[in-house]
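Structure record follows, encoded as structure tokens.
The values are calculated or read from the model by the stated rules, or taken from the named source; none is laboratory data. Small disclaimer: the values here were computed from a predicted structure and weren't measured. Heads up, the Cβs are rebuilt from the backbone with ideal geometry, glycines too, and the neighbour counts pull from every protein chain shown. Please note that ligands, DNA and RNA were not included when accessible areas were found on the heavy atoms of the full protein model with its side chains. Shrake-Rupley method; radii C 1.70, N 1.55, O 1.52, S 1.80 Å.
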Amino acid sequence: MSVLQGKVAIVTGASRGIGRAIAKKFAENGAIVAFTYLSSEEKARQLEDELNALGGIAKGYKSDAANFAAAEQLVNDVVAQFGTVDIVINNAGITRDNLLMRMTEQQFDEVINANLKSIFNLTKAVTKPMLKAKKGSIVNIGSVVGVNGNAGQANYAASKAGAYGFTKSIAKELGSRNIRCNAIAPGFIKTEMTEVLDPKVVEGWVAGIPLKRAGEGDDIAELCVFLASDKSTYITGQVINVCGGMSM
Ligand code: NAP
């Protein structure tokens, strides 16, 4: 039997990259998938068609993860359409890399809002249906950079480190209500986000990864399925690296 059969999942930022892989893996495992995007209308429509063709139920919502009111609207819309929300994957994220000396206030704020405030927005909105259902699983996508830091990514690293503090606090607050909250820290995963990196830098990273390869979206998606499913009901408050051994 499919491990997510009939469960309603919201996956943010699924028009591309890791989110797209998660949405597909969830549909393959029987979940009803409500996914969001910001600007990639065409890709989102294609994904909706693809997931529905898998025999599942899926719907894309244009919703800015950084916007508090939009998160509330999203949850209301999903509950109106599918009855509840069992799973949230806070995946939407951006980079605005720059050395601190050159980093603008706007670059800092944009990253914090899209990567960290977004997690607050949707987690807060979803607690209502989850408390009512007396269950839920929330997974926040962080980064190994959130623990290790990275030159040129002070904004991004801060947003991901913030996500871990948030994850652990929510796990403590909502554990007694059977709502779990975990984070995944991907290493270097091949997506449009990492396509922009200097190939020389990438080569150096891959050489330093014990498994000697970049990760795929599916590497993250498989763990999301496990953390979202009833196979992980005693796991909460954890940050789990999926990085080929890049970070230990
Ligand atoms: P990506 O290929 O750039 O895709 C980002 C996705 O997020 C897109 O679907 C985009 O939607 C969506 N998005 C961005 N801002 C949004 C917003 N404000 N509201 C709603 N959706 C928004 O990135 P990725 O590599 O898949 O990364 C996904 C997550 O994994 C991010 O949180 C990232 O920080 C994390 N991560 C990635 C790596 C890596 O190596 N790739 C490593 C560590 C962590 P549109 O297409 O509509 O713009």
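For the range 126-154, the candidate set comprises residues that are open to solvent by 70 Å² or more (accessible area, probe 1.4 Å) and either within 14 Å of the ligand (Cβ to nearest atom) or not aliphatic (A, V, I, L, M) (or both); within that set, the residue that is nearest to the chain's Cα centre (by Cα) is V147.
For (1) within 13 Å of the ligand (Cβ to nearest atom); (2) aliphatic (A, V, I, L, M); (3) under 18 Å from N90 (Cβ atoms), each residue gets a yes or a no:
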| residue | (1), (2), (3) |
| --- | --- |
| I189 | yes, yes, yes |
| E195 | yes, no, no |
| D198 | no, no, no |
| W205 | yes, no, no |
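Residues in the range 9-34 that are on the phi > 0 side of the Ramachandran plot and either free of Cβ contacts under 8 Å to residues at least 12 places away in the same chain or more than 10 Å from the ligand (Cβ to nearest atom) (or both): G30 alone.
Among the residues of the range 37-70, none is identified as under 21 Å from D109 (Cβ atoms) and among the β-branched types (V, I, T).
Conditions tested, residue by residue: (1) closer than 25 Å to G146 by Cα; (2) in contact with a strand residue (DSSP E or B) (Cβ under 9 Å, 6 or more places away or on another chain); (3) within 10 Å of the ligand (Cβ to nearest atom); (4) open to solvent by 40 Å² or more (accessible area, probe 1.4 Å).
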| position | (1), (2), (3), (4) |
| --- | --- |
| D86 | no, yes, no, no |
| R96 | yes, no, no, yes |
| T104 | yes, no, no, yes |
| T123 | yes, yes, no, no |
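Checking each residue in the range 207-216 for being within 11 Å of the ligand (Cβ to nearest atom) and either at pLDDT below 90 or open to solvent by 50 Å² or more (accessible area, probe 1.4 Å) (or both) picks out only E216. Hey, among the residues in the range 39-56 that are touching a Lys or Arg at 6+ places or on another chain (Cβ under 7 Å) and near the ligand (Cβ under 7 Å from one of its atoms), which one's farthest from L4 (Cα to Cα)? The residue in question is S40.
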